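Structure, as structure tokens:
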Amino acid sequence: MLKILKIILSVITMGLSVFSLITENFEYIPYLMLSLGATMLVTGLIELQKNSKEFGGYFGIVASLFVFYVAIQGFFLH
């Protein structure tokens, strides 16, 4: 289930980033950041489900929280 969600979120993230680069319209960057944060969160959860004691899963979750913070600031500043 999480792998399918990761693929869907990755496609949304890539679509928004390609759209922004081609049209040079950067008003959708907060939405891009939200989808990127969700993708990173799901990736971190997948790593933690593998039951690995490595740092990658925790780092992905912490990085996604930072990206969510940046996205929320982007919504309020515009």
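From the C-alpha coordinates alone, can you work out the Kirkwood hydrodynamic radius of region 18-60, in Å?
Details: mean 1/r = 0.0848 Å⁻¹.
Computed over Cα pairs of region 18-60, the Kirkwood hydrodynamic radius comes out at 11.8 Å.
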Loop GluC sites (Glu not before Pro), the chain, which have at most 12 other Cβ atoms in a 10 Å radius of their Cβ (DSSP): Glu24, Glu27, Glu54
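Please work out the average accessible area per residue across the chain, using the 1.4 Å probe convention, and give it in Å². Walk me through the intermediate numbers first.
Values: 5710 Å² over 78 residues.
The answer is 73 Å² per residue.
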Alpha carbon Rg of the chain, scaled by the compact-globule rule 2.2 N^0.38 Å: 1.18
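If R0 is 25 Å, what FRET efficiency do you get for Phe66 and Met14 from their C-beta distance, rounded to 0.05? Numbers along the way, then the final one.
On the way: r = 21 Å, r/R0 = 0.82.
E between Phe66 and Met14, to the nearest 0.05, is 0.75.
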Residues in region 1-43 reached by a label modelled at Glu54 [backbone nitrogen below 18 Å; 7 Å Cα→Cβ]: 3, 40-43
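The values are calculated or read from the model by the stated rules, or taken from the named source; none is laboratory data. Values in this document were obtained by computation on a predicted structure and should not be read as measured data. Counting neighbours? That spans all protein chains shown, and the Cβs are built from the backbone with ideal geometry, glycine included. Areas reflect the complete protein model, heavy atoms only, side chains present, ligands, DNA and RNA absent. Shrake-Rupley method; radii C 1.70, N 1.55, O 1.52, S 1.80 Å.
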